[in-house]
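What follows draws every value from the coordinates through simple rules; no lab data is involved. Note that the structure is predicted; figures quoted are calculated from it, not measured. Using ideal geometry, Cβ is built from the backbone for each residue, glycine included, and neighbour counts are taken over all protein chains shown.
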Amino acid sequence: MSILINNNGYHSVPGYEQPQYYPPQPQNKYPPQIPLENYPQYPSHHHQVCVEADIEVSDNQGSDDNFISLILLILGFFFGFPWLICTILYSKSKSANARSYAKISLILFIVSIAIVLIIFILFIISIAASGAIFGSIFSNASKHY
């Protein structure tokens, strides 16, 4: 048996071929890509893009509504009727804060009117009761003198 040296510098035995090592080929995990040209083409009016986004629009009108409705809400604690004005002007505003101030103003206006009516009714009742009490005292007193 004779040993030959091949071009790679390795010893080889005649009649025996050394197995060659090939690294494993990487497996493609994804399906083959289809070029865009092979997809069916549609007219552009069939493409619709739906995008949901929370966009806060800042405009000066909304900030003006917020400021004025807040001022009316505060003035209502001193005078009362600014609450009614705030409710009328800003109940359908674009600004969520202005609408909230308008709702609060309406509630406070109704509560203040109810309180004023209750106080007025109690005042009338107290006058009537005091008149009846004092009237009877004075009428009895005049009889004694």
Handout entry: Contour minus Cα-Cα distance for Ile71 and Leu106 (0.36 nm per residue)
Key = 11.2 nm
Exercise for the section: May I ask you to list the residues of segment 62-101 whose amide nitrogen lies under 14 Å from a point 7 Å from Cα along the Cα→beta-carbon direction of Ile113? Expected result: 80-88
Problem - Calculated P(r) of segment 57-128 - Cα pairs past 15 Å, % - result: 54 percent
